Amino acid sequence: MKIATLYRSRLAQERGTVKKDWGGRVSVALIYPNYYQVGMSNLGFQVIYGILNDNPAIVAERAFLPDEEELSIYRRTDQPLLSLESLTPLLKFDLLAFSLSFENDYLNILTILDMSKIPLMSKERGENYPLILAGGITTFMNPEPLANFIDCFLIGEGEVILKEFFQTYLDLPLSTVKKEETLRILAIEVEGVYCPSLYKVEYKGDGLISSFEPLIPSIPSRVKAVRQVPFNGPLRRSRIITPFTEFSDTILVELSRGCGIGCRFCAAGYMYRPPRVIEEEEIFTSFEQILAEKNSIGLISPSVSDVPGIEKLTSFILDRDGEFSVSSLRANSLTKGLIENLKRSGQKTLTIAPETGSERLRRVINKKLTTEKITEAIILIAGTGFFHIKLYFMIGLPTETGEDIKDIIGLVKSIRHYLIKESRGRKKIGRIRLSINCFVPKPFTPFQWFPMDTVESLKEKQKTIKRTLSVEGGIGISFDVPKWAYIQSLLSMGDRRVGQMLLTTHRNNRDWKRTFRSSDINPDFFVYRARDLNERLPWDFIDHSIQKSYLKEEYNLALASIESPPCKVGDCTRCGICT
Ligand code: SF4
């Protein structure tokens, strides 16, 4: 099989692919650094593809990390990595734009550049190589571990920053202006643009950052993240439909962005503030159009049950012979009407996230959810119909003790009890599926100063949960792997020096252990060290409008197990985002 044949058969299954003539246009390879199926399941990636191609001056094509089958063909033929639409080597594009959602994909960026025969380090790429851009939630938080590889980060929400970036970029006399000058102009003129080569970082003897300064006075010393406020239409939706995604042949739509609860561990909750919803009328109009194309709609929101008028919106889909699925629900805001609609739509599993077993720890993380509310939600679900229940928990959270782990076990047993009790008279009882994840500290959250729990301790906690709950019937458990949580923590919380570890690991065939053995820098410095509230953090140069004093206040409230109020947009200026 040839790559061309493979890619053509993939394209033949898609609807909505854009094929543009290259003549006179700026070419952008939009890259998702993971497999096709993962990238195409990501609504953000799809939306960016649409925004780029809506601009008549741009031709955007997609590229992904090759899967095993593709990889063996590329290796055998030694051809450079190709774009999906026109089978053009990535090296031939004007711009490569990486869309990043997960830190553990960072190594894949280096694989993709290597396979494209493009030098990995920015400083080794001359004028003839494409300009390399990156954006996405992980880069809003902390782009520094990638600083040596990326020419230009776009820090902010795609709808705004891409428009502003290309307004300036397309006006540049690109055939005469040098790359260095291009970066300088972009950094000065476009809010949200961060070009790492234009900044210098210095470290103190203890390894902490002493200064982070622009090399040229006209470059802003802080980079302002940009947001789409107000959040008006049209509804962001999948541009391409393909059977090869997690949500096969479903059109995903974003009903709201940002969450007002304020969970202290949650990066998305802070990065996408303020909470915003699309106007109801706009949603109805878009649903009409989508249902004329496809009967399956995937509703995306930090919590679908929190969307105003959700019962009416989902009834609208069902009444037109459509079906819908939801990304997540909040136990506090579940209603019988919504569960009825989920049942009518054929949804078999409902997901809720207690996060922890104890009331105390739920107050620490600011979850605003009591055990009583969780129980009520389970009774409501089981009383309405047959559903499997998926529960998200997190272990290794700040202040967690052995008692909190026991409380997870106790809560799951109690949920099982209510599920059986409320399912009386039914032939089958739903199963419980636990997804137990390790806490990874994230920048720009109140938990950014806490260390990660140790890999050994997390493994012990996993064993305790598994030993106790796997003997109970009807409960399945999946754990994430603590050593990967450690790497994620390193890439979330690291500074530019972590980039060297990434490069070494790439050269070591992805063997992190070998890298750590030879590294001058101890990775535990970034992962296991509690940070001082006054230390300079690697991401402090990004201005998200969230006041550091607010994050510190939330950190102290967490230590005192005290919750803070949720967002009240229009009537609150607490964190600094709404003015
Ligand atoms: S200012 Fe208040 S309402 Fe606005 S995002 Fe911050 S906490 Fe939420």
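General observations
- Residue count for the range 520-538, restricted to those that are modelled with pLDDT under 95 and of a type outside the set (A, V, I, L, M, F, W, C): 1
- Screening T573 against (1) surrounded by fewer than 16 Cβ atoms within 10 Å (Cβ to Cβ); (2) in contact (Cβ under 8 Å) with a residue 12 or more places away in the chain; (3) within 16 Å of the ligand (Cβ to nearest atom); (4) not assigned by TED's automatic domain parsing to the domain that holds Y272 leaves a single unmet condition, (2).
- Scope the range 167-190; condition assigned to a loop (DSSP other than H, G, I, E, B) and surrounded by fewer than 18 Cβ atoms within 10 Å (Cβ to Cβ); matching residues: L170, D171, L172, P173, L174, S175, T176, V177, K178
- Residues in the range 318-334 that are surrounded by fewer than 17 Cβ atoms within 10 Å (Cβ to Cβ) and in a loop (DSSP other than H, G, I, E, B): R320, D321.
- Test result for S478, modelled with pLDDT of 95 or more, out of contact with any helix residue (DSSP H, G or I) (no Cβ under 9 Å at 6 or more places or on another chain) and of a type in the set (G, A, S): yes
- All of K413, K466, K421 fail the test of being at pLDDT below 95 and of a type in the set (K, R), apart from K421.
- Out of K552, K548, sole residue that is in contact (Cβ under 8 Å) with a residue 12 or more places away in the chain and within 16 Å of the ligand (Cβ to nearest atom): K552
- Boolean, E164 is assigned to a loop (DSSP other than H, G, I, E, B), touching a residue at least 24 places away in the same chain (Cβ under 8 Å) and of a type in the set (D, E): no
- Scanning the range 165-207 for residues that are in contact with an Asp or Glu (Cβ under 6 Å, 6 or more places away or on another chain) and farther than 20 Å from E127 by Cα turns up V190, K200.
- The set of residues in the range 414-436 that are surrounded by fewer than 17 Cβ atoms within 10 Å (Cβ to Cβ) and of a type in the set (S, T, N, Q) comprises S414, S435.
- Of all residues in the range 335-369, those satisfying the criterion of being in contact (Cβ under 8 Å) with a residue 24 or more places away in the chain, assigned to a loop (DSSP other than H, G, I, E, B) and farther than 22 Å from N437 by Cβ are T335, S345, Q347, K348.
- The set of residues in the range 370-415 that are in contact (Cβ under 8 Å) with a residue 60 or more places away in the chain, of a type in the set (A, V, I, L, M, F, W, C) and either outside the structural domain of Q462 (by TED's automatic domain parsing) or not in a helix (DSSP H, G or I) (or both) comprises M394, I395, L397.
- When the residues of the range 555-570 are filtered to those that are free of Cβ contacts under 8 Å to residues at least 12 places away in the same chain and away from the ligand (no atom under 14 Å from the Cβ), the one that is nearest to L369 (Cα to Cα) is A560.
- Filter result for C578 (within 13 Å of the ligand (Cβ to nearest atom), buried (at least 16 other Cβ atoms within 10 Å of the Cβ) and modelled with pLDDT under 95): yes
Rundown of residues vs (1) farther than 30 Å from L490 by Cα; (2) without any contact (Cβ under 8 Å) to a residue 40 or more places away in the chain, yes/no style:
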position: W22; (1), (2): yes, no
position: Y32; (1), (2): no, no
position: N42; (1), (2): no, no
position: L71; (1), (2): no, yes
position: T77; (1), (2): yes, no
position: K92; (1), (2): yes, no
position: L120; (1), (2): no, no
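- L84 vs. criteria in contact with a strand residue (DSSP E or B) (Cβ under 6 Å, 6 or more places away or on another chain) and in contact (Cβ under 8 Å) with a residue 40 or more places away in the chain: yes
The values are calculated or read from the model by the stated rules, or taken from the named source; none is laboratory data. No experiment lies behind these values; they were computed from the predicted model shown. Positions of Cβ are backbone-derived with ideal geometry, glycine not excepted, and every protein chain shown enters the neighbour counts.
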